[in-house]
1. Yes or no: Ala192 closer than 22 Å to His222 by Cβ, touching a residue at least 24 places away in the same chain (Cβ under 8 Å) and away from the ligand (no atom under 16 Å from the Cβ)?
2. May I ask you to list the residues in segment 262-284 that are open to solvent by 60 Å² or more (accessible area, probe 1.4 Å), within 13 Å of the ligand (Cβ to nearest atom) and in contact (Cβ under 8 Å) with a residue 24 or more places away in the chain?
3. Which of the residues that make up segment 87-113 are open to solvent by less than 20 Å² (accessible area, probe 1.4 Å) and either within 19 Å of the chain's Cα centre (by Cα) or within 15 Å of the ligand (Cβ to nearest atom) (or both)?
4. Quick check on Gly297: is it buried (at least 22 other Cβ atoms within 10 Å of the Cβ), more than 26 Å from Glu121 (Cβ to Cβ) and either without any contact (Cβ under 8 Å) to a residue 40 or more places away in the chain or more than 12 Å from the ligand (Cβ to nearest atom) (or both)?
5. I'd like to check which helices (runs of 4 or more DSSP H) are fully inside segment 99-212 and have at least 2 residues that are touching a Pro at 6+ places or on another chain (Cβ under 9 Å).
6. Between Gly68, Gly58, which is within 9 Å of the ligand (Cβ to nearest atom) and without any contact (Cβ under 8 Å) to a residue 60 or more places away in the chain?
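The values are calculated or read from the model by the stated rules, or taken from the named source; none is laboratory data. Since the structure is predicted, the reported quantities are computational estimates derived from the model, not experimental observations. Note: ideal-geometry Cβ built from the backbone for every residue, glycine included; neighbour counts use all protein chains shown. All accessible areas refer to the heavy atoms of the entire protein, side chains included, with ligands and DNA or RNA removed. Shrake-Rupley method; radii C 1.70, N 1.55, O 1.52, S 1.80 Å.
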Amino acid sequence: MTDELREAYDVVVVGGGAAGLNGALMLARSRRSVAVIDAGAPRNAPAEGVHGLLGRDGTPPGELLERGRAEVRSYGGQVVSGEVDGLRRVPGGFEVGLADGRRTRARRLLVTIGLVDVLPEEVAGLRERWGRDVIHCPYCHGWEARDRAIGVLGSGPMAVHQALLFSQLSDDVTLFAHTMPSLTDEERDQLAARGIGVVEGEVAALEVAGDRITGVRLADGHVLAREVIAVGPRVALRAGFLDGVGLRPQQHPSGMGEHLPADPTGRSEIPGVWLAGNVTDPSAQVGGAAAAGALAGAQINFDLVTEVTNAAVAARNGDPFCAASEARVAELVAAAAERRHGLG
Ligand SMILES: Cc1cc2nc3c(=O)[nH]c(=O)nc-3n(C[C@H](O)[C@H](O)[C@H](O)COP(=O)(O)OP(=O)(O)OC[C@H]3O[C@@H](n4cnc5c(N)ncnc54)[C@H](O)[C@@H]3O)c2cc1C
């Protein structure tokens, strides 16, 4: 289900995952006109359930988002299916362009587009089992993988960290060195002390029988029995369209890949643009992404309240430098009322 896109909003939220919907919920409850524009591909789509989320543990990801969309709509917010592919600054805010040619305007933007997990392409069979028995996060899937034969695919700087975390869940963890940086002596000590075996050499493929992983095949042909594979994907952003407002991805300090930096309230370096969820914090889980979205939504509301209050004070005091203030206040108030009524 999709709502009809209107001409203008107080806030457009780009991306309708946990972060975007919780931001929109806060804004709609603050009587802001808000539209969430969502391309419909949340990061955890392949997972069976959302784990580690208080009160909703194990809920299928699609069901959680459907509830969120209904909550946003119940306060007059809109949820529109579509992909934003262009942004530009215009007087009073931003113009938002969609890939199908539709356009709208917003006084503020909340960008919650998530991230893309880039899996090592050279290992055959990895992508097909992603989110099932190829996993990345001990807090999302660790309980389900407990006591199983786990192989950690070393493809980046977080592999030792990941192997240590999974050793809390199973006594049978093997680290495949694959393409990861060489282990330091300290790391070798840590792994040995936790009973984690290390297999040198590159991994070529996963062995699969029926609908389950049975092993890991090395490039030299050897096969080691494993049931679950943990991998640390590189994270990338689909953020080319943000160039239009001057936002460009930067490398995350963890070495995991790209992100867009924001302050603790979600404010980006570009005035009028807020960020929340995985687009700025790649390690945020659903609860963290939702909380960040809610905080950013509240901050945007406050920013808009401040704008109209400043204009009203200037008008009231007959500020000679703000001759247009009175008209501007009237314009802002009328536009807000019109949008409120329009949205029901
Ligand atoms: C396999 C897997 C399993 C996971 N399991 C768990 C779990 O059990 N528990 C947990 O807490 N976390 C889990 N996570 C992490 C969880 O996916 C993230 O915490 C969460 O998705 C972050 O929410 P978000 O709103 O930032 O981004 P997302 O949920 O990814 O939402 C972003 C939305 O923006 C849309 N979008 C992107 N670009 C555009 C555009 N240009 N225009 C319009 N829309 C756009 C996308 O289509 C998507 O719908 C899992 C992750 C993976 C990969």
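1. no
2. Quick first cut of segment 262-284, residues open to solvent by 60 Å² or more (accessible area, probe 1.4 Å) only: 263-264, 267, 269, 271, 281, 283.
With the extra rule that they be within 13 Å of the ligand (Cβ to nearest atom), the set shrinks to 281, 283.
Result: Ser283, single match.
3. Within segment 87-113, the subset open to solvent by less than 20 Å² (accessible area, probe 1.4 Å) is 87, 93-94, 96-98, 104, 106, 109-112.
Scanning segment 87-113 gives Leu87, Phe94, Val96, Gly97, Leu98, Thr104, Ala106, Leu109, Leu110, Val111, Thr112.
4. Values: buried (at least 22 other Cβ atoms within 10 Å of the Cβ): yes; more than 26 Å from Glu121 (Cβ to Cβ): yes; either without any contact (Cβ under 8 Å) to a residue 40 or more places away in the chain or more than 12 Å from the ligand (Cβ to nearest atom) (or both): yes.
Criteria met by Gly297.
5. Working: elements: 138-141, 159-166, 185-193.
Passing ranges, in order: 159-166.
6. Gly58
Residue by residue, here is whether (1) over 25 Å from Gly76 (Cα atoms); (2) open to solvent by less than 10 Å² (accessible area, probe 1.4 Å); (3) assigned to a loop (DSSP other than H, G, I, E, B) holds:
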position: Tyr9; (1), (2), (3): no, yes, no
position: Val13; (1), (2), (3): no, yes, no
position: Gly20; (1), (2), (3): no, yes, no
position: Ala28; (1), (2), (3): no, yes, no
position: Val36; (1), (2), (3): no, yes, no
position: Arg43; (1), (2), (3): yes, no, yes
position: Pro46; (1), (2), (3): yes, no, yes
position: Leu54; (1), (2), (3): yes, no, yes
position: Gly62; (1), (2), (3): no, no, no
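Results for (1) more than 30 Å from Gln299 (Cα to Cα); (2) small (Gly, Ala, Ser); (3) crowded, with 20+ Cβ neighbours inside 10 Å; (4) in contact with a strand residue (DSSP E or B) (Cβ under 6 Å, 6 or more places away or on another chain), shown as yes or no for each residue.
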residue: Asp171; (1), (2), (3), (4): yes, no, no, no
residue: Phe176; (1), (2), (3), (4): yes, no, yes, yes
residue: Ala192; (1), (2), (3), (4): yes, yes, no, no
residue: Val198; (1), (2), (3), (4): yes, no, no, yes
residue: Arg212; (1), (2), (3), (4): yes, no, no, no
residue: Val223; (1), (2), (3), (4): yes, no, no, yes
residue: Ile229; (1), (2), (3), (4): yes, no, yes, yes
residue: Gln250; (1), (2), (3), (4): no, no, no, no
residue: Leu260; (1), (2), (3), (4): no, no, yes, yes
